[in-house]
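J.: Take this structure first; my questions come after.
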Amino acid sequence: MLLSARNIHKSFGALEVLKGIDLDIAPGKVTAIVGPSGAGKTTLLQILGTLMSPDAEGKILYGDSDITKLSDAKLSDFRNKNIGFVFQFHQLLPEFSLVENVAMPALIAGKKRSEAFDEARKLLKRLSLDGRDDHRPDELSGGECQRAAVARALINHPSVVFADEPSGSLDSQNRKQLHRLFFELRDSIGATFVIVTHDESLAADADVIVRMVDGVINKIENK
């Protein structure tokens, strides 16, 4: 397995949000995590993506490596090189051009500016954003900004991309285009996506559907 979660608990004070999650994520698949508000979906996603730590007894394994044992500095480096993120709102920095936004994780990873920008331009072209390289986010549509956010998530060739309601702020047409993009990238480059979504059409097309209720997984559907 690419990623395994074992006995994941998470409490905030007296509120127990996750109540013992075991989950395996296979490579090259789109996994949708669904469930009602308050089920713990986003908390689980953030723990899987190393943005949040599980309570003491839980483990997150990438391959055979227990990343919950890494120092903050090593965990940050691991996250930058192995994990991509797409959020409900694109989180592009308004003062930078599209190519600068997409290249930023590669620059943080230590790539030469020329190499990072070349890779960013290739990704923007692949995602039908060529010609937009020098535009700033406020000059683009919401759909274009979200595609750029996907490009940014892919710039370091991560093992997995986590997406939290990535189409939640888009209209129906842009939502469909973004969903198609996830599956095209799965098929063309073997990308792995783990997506929290309320969109039943996206979940229905996923390779794996993880259904959560009240902090536990009550069903996993494999296509």
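The values are calculated or read from the model by the stated rules, or taken from the named source; none is laboratory data. Quantities reported herein were computed from a predicted structural model and do not represent experimental measurements. In this analysis, Cβ positions are derived from the backbone assuming ideal geometry, glycine residues included, and neighbour counts consider all displayed protein chains. Protein only, heavy atoms only, side chains kept; ligands, DNA and RNA dropped before computing areas. Shrake-Rupley method; radii C 1.70, N 1.55, O 1.52, S 1.80 Å.
J.: How much of the accessible area of the chain, in percent, comes from carbon and sulfur atoms when a 1.4 Å probe is used?
T.: 48 percent
J.: For the chain, what is the accessible area per residue in Å², given a 1.4 Å probe and the full set of protein chains?
T.: Using a 1.4 Å probe on heavy atoms only, each residue of the chain averages 48 Å².
J.: Over segment 85-223, calculate the relative contact order: mean separation of alpha carbon pairs under 8 Å at least 6 apart, over the residue count, as a percent.
T.: 25 percent
J.: Does segment 90-152 classify as rounded, prolate or oblate by the C-alpha gyration tensor (a ≥ b ≥ c root eigenvalues; a/c under 1.5 gives rounded; else a/b over b/c gives prolate, otherwise oblate)?
T.: Note, shape of segment 90-152 comes out prolate.
J.: Tell me the relative contact order for segment 53-151 as a rounded percent, counting alpha carbon contacts under 8 Å between residues six or more apart.
T.: Contact order relative to length: 30 percent.
J.: What is the distance, in nm, between label points placed 7 Å from the Cα along the Cα-to-Cβ direction at GLN91 and at ASP133?
T.: With each label placed 7 Å out from Cα toward Cβ, I get 2.6 nm.
J.: Here's a follow-up. Using a Gaussian network for the chain with springs between C-alpha atoms less than 10 Å apart, which of these wobbles most: GLY131, GLY142, GLY40?
T.: Answer for the Gaussian network model of the chain: GLY131.
J.: DSSP loop GluC sites (Glu not before Pro) in segment 38-143 with at most 15 other Cβ atoms within 10 Å of their Cβ, which ones?
T.: Sites meeting the loop and neighbour criteria: GLU57, GLU95.
J.: Under a crude label model (7 Å from the Cα following the beta-carbon direction), how far is LYS219 from SER188 in nanometres?
T.: Once both label points are built, they end up 3.4 nm from each other.
J.: Rounded to the nearest 500 deg cm²/dmol, what is the calculated helix-only ellipticity per residue at 222 nm for the chain, with -39500 (n - 2.57) per DSSP H run of length n ≥ 4?
T.: Computed ellipticity for the chain at 222 nm equals -11000 deg cm²/dmol.
J.: By its C-alpha gyration tensor, with a ≥ b ≥ c as the square roots of the eigenvalues, how is segment 1-67 shaped: rounded for a/c under 1.5, else prolate for a/b larger than b/c, else oblate?
T.: oblate
J.: So if I average 1/r over every pair of distinct C-alpha atoms in segment 126-223 and take the inverse, what Kirkwood radius in Å does that give?
T.: Every distinct Cα pair counted, the radius reaches 14.6 Å.
J.: Just the number: Rg to Rh for the chain, Cα atoms, Kirkwood Rh, two decimals.
T.: Radius of gyration over Kirkwood radius for the chain works out to 0.96.
J.: Report the FRET efficiency, 1/(1 + (r/R0)^6), for LYS59 and LEU107, where r is their Cβ-Cβ distance and R0 is 35 Å, rounded to 0.05.
T.: Given R0 = 35 Å and the Cβ-Cβ separation, E is 0.65.
J.: For a test of the definition: using alpha carbon positions, the gyration tensor, and the 1.5 limit on a/c, classify segment 136-177 as rounded, prolate or oblate.
T.: Oblate, since a/c reaches 1.5 and b/c is not below a/b.
J.: Evaluate E = 1/(1 + (r/R0)^6) for SER201 and GLU16, where r is the Cβ-Cβ distance and R0 equals 35 Å; express this FRET efficiency to the nearest 0.05.
T.: Efficiency, rounded to the nearest 0.05: 0.65.
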